[in-house]
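Participant: Have a look at this one before I ask anything.
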Amino acid sequence: MDNALFDYSPIVDRTPIRWPGAARVAFYVGLNIEHYQVDRPSTSIFPGTAALAPDPLNYGWRDYGPRVGVWRVMQALDKYGIRASALLNSDVTHHNPQIIAAGRERNWTWLAHGKNNSIFQADMSIDDERAHLTEIVETIERATGRRPRGWMGPALTETFNTPALLAELGLDYVLDWTNDDQPYRLNVPGVLSVPYSVELNDNSLFLGTGLRGPDFVQIVKDQLDRLYEESADSGRVMALALHPFVIGQAFRIKYLEQALDYVANHPGIWLTTSDEIAEHYATSSTSCPITESRCRYTDEIEIETACAASAPASSST
């Protein structure tokens, strides 16, 4: 089947994007704040025990993140005046409330990131998924004092119904479709895709390739330099995806600091959040993605729309 969620749009054919303050690259940190169930396999550093329950080796490695790693990462972000875009499993609000309190003190942006990272956003009926998403969003809102505007699924998972169900709940962007350097409108009225990265990502870089710390710093520099070069005529987005149990290790944290130092002191960079990127794009972009008065994205959810209704209303981040 063809993907009806979004249309093909070559980056060379688009209306130019202008970021605030004449910045050329909008930079944000997507900080994964996650909870894992002890009796389910998940991201592992040693596959040999991953199927065991319990699996002290891999579970303990992941659990280093909320216990130690995230606090190191907070200090690094604070040092360079960067607010996290926190990709939050709603279960974290129950198990690690101190992290929520620290993020609120720092005015972090909160995105819904599923219930936990052991349950993927898959294999649900539409009614079950609607109830599941409602619980996630309302749990995060109660804990953080702010209703999330953005979504990233556990392991970037969605069903075919997820974006439209998120729109019902008032969310207006997703990070799951990592196919662009600019935001764009989905064929679900009022919902954007905002760039995220599975490549500029500590998990895939350090675990997938065995990368050394200095190489990580160079990759961040190379990414920023190239995006800056390409953004002379139209702005770009650079997302740095981080996991506290990876980048928050004592022997890696200085390389994060070096990378952030380069970004924060680079000219023409907007240090921002995913919420602010979505907000700016939605309110400054005038193109209408809906060419028909009625848009059907799935067989189960039908959304009636006019072009004027496709842009979300402005709200503070």
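Participant: Roughly speaking, what is the stretch gain from I45 to F120, that is 0.36 nm per residue apart minus the C-alpha to C-alpha distance, in nm to one decimal?
Facilitator: Numbers: separation 75, 0.36 × 75 = 27.00 nm, distance 1.97 nm.
Full-extension gain reported as 25.0 nm.
Participant: Here's a follow-up. For region 176-225, what does the accessible surface come to per residue with a 1.4 Å probe? Please give it in Å². Present the calculation step by step, with values, prior to reporting the outcome.
Facilitator: Numbers: 1850 Å² over 50 residues.
Accessible surface, normalised per residue, equals 37 Å².
Participant: Give the Debye-formula value of log10 I(q)/I(0) at each listed q (0.07, 0.08, 0.14 Å⁻¹), with one equal scatterer per alpha carbon of the chain, two decimals each.
Facilitator: One equal scatterer on each Cα of the chain leads to -0.27, -0.35, -1.12.
Participant: In addition: Enumerate the lysines that K79 could reach by cross-link, defined here as Cα to Cα under 23 Å, with residues fewer than 8 away along the same chain left out.
Facilitator: Of all the lysines, those that pass the test against K79 - Cα under 23 Å, at least 8 places apart if same chain - are K221, K254.
Participant: Go ahead and estimate [θ] at 222 nm for the chain from helices alone: -39,500 (n - 2.57) per DSSP H run with n ≥ 4, summed, over the residue count, rounded to 500. Please list the in-between numbers first.
Facilitator: On the way: 10 runs with 103 residues, N = 317.
When only DSSP H runs of four or more count, the value is -9500 deg cm²/dmol.
Participant: Got a number for carbon plus sulfur as a percent of the chain's accessible area, 1.4 Å probe? Intermediate results must be reported in sequence, preceding the final value.
Facilitator: Numbers: 6920 of 14050 Å².
The value for the chain is 49 percent carbon and sulfur by accessible area.
Participant: Could you check the simple spin-label distance between V38 and K254, using points 7 Å along Cα→Cβ, in nm with one decimal?
Facilitator: Reported label-point gap for V38 and K254 is 3.6 nm.
Participant: Would you work out the Kirkwood radius for region 1-157? I mean one over the mean of 1/r across all pairs of different Cα atoms, in Å.
Facilitator: On the way: mean 1/r = 0.0564 Å⁻¹.
This gives a value of 17.7 Å.
Participant: Ok, one more. Could you give the length gained on full extension between V68 and E168, defined as 0.36 nm per residue of separation minus the Cα-Cα distance, in nm? Present the calculation step by step, with values, prior to reporting the outcome.
Facilitator: Numbers: separation 100, 0.36 × 100 = 36.00 nm, distance 3.67 nm.
The V68-E168 span can extend by a further 32.3 nm.
Participant: Tell me, what is the FRET efficiency for K79 and R142 to the nearest 0.05, using R0 = 30 angstrom and their Cβ-Cβ distance as r? If you can, show how the numbers build up before the last one.
Facilitator: On the way: r = 31 Å, r/R0 = 1.02.
After rounding to 0.05, the efficiency reads 0.45.
Participant: Only four residue types carry charge here, +1 at the Cβ of Lys and Arg and -1 at the Cβ of Asp and Glu. Report the dipole size of the chain about the Cα centre in Debye, rounded to the nearest 20.
Facilitator: Values: 26 positive and 41 negative charges, 252 e Å.
Dipole size: approximately 1220 debye.
Participant: If the chain between I219 and T157 were fully stretched, how many nm would it gain, using 0.36 nm times the residue separation less the Cα-Cα distance?
Facilitator: Details: separation 62, 0.36 × 62 = 22.32 nm, distance 2.62 nm.
Length difference between fully extended and current span is 19.7 nm.
Participant: Ok, one more. Could you sort the peptides 38-48, 109-119, 68-78, 198-208 by per-residue average Cβ neighbour count (10 Å cutoff), highest mean leading? Walk me through the numbers before you get to the answer.
Facilitator: Numbers: 38-48: 13.5, 109-119: 23.8, 68-78: 19.0, 198-208: 17.4.
Result, highest mean first: 109-119, 68-78, 198-208, 38-48.
Participant: Then there is this: Quick one: if you stick a label point 7 Å off each Cα along the C-beta vector at E135 and L52, how many nm between them?
Facilitator: The two pseudo-label positions are separated by 3.0 nm.
Participant: To the nearest 20 Debye, how big is the dipole of region 91-158 about its Cα centre, given +1 on the beta carbon of each Lys and Arg and -1 on that of each Asp and Glu? Show your work: numbers first, answer last.
Facilitator: Values: 8 positive and 10 negative charges, 98 e Å.
The calculated dipole for region 91-158 is roughly 480 debye.
Participant: Students often check this: by mean Cβ neighbours within 10 Å, which of 153-162, 259-268, 1-10 ranks highest, and how do the rest follow?
Facilitator: Numbers: 153-162: 18.9, 259-268: 15.7, 1-10: 10.9.
With the highest mean Cβ count within 10 Å placed first, the list reads 153-162, 259-268, 1-10.
Participant: Students often check this: by mean Cβ neighbours within 10 Å, which of 191-197, 14-20 ranks highest, and how do the rest follow? Write down the numbers at each step before the final one.
Facilitator: Details: 191-197: 24.4, 14-20: 14.4.
The peptides rank, most packed first, as 191-197, 14-20.
The values are calculated or read from the model by the stated rules, or taken from the named source; none is laboratory data. Everything numeric here is computed off the predicted structure, so don't read it as measured data. Cβ sites come from the backbone with ideal geometry, for glycine too, and all protein chains shown count toward neighbours. All accessible areas refer to the heavy atoms of the entire protein, side chains included, with ligands and DNA or RNA removed. Shrake-Rupley method; radii C 1.70, N 1.55, O 1.52, S 1.80 Å.
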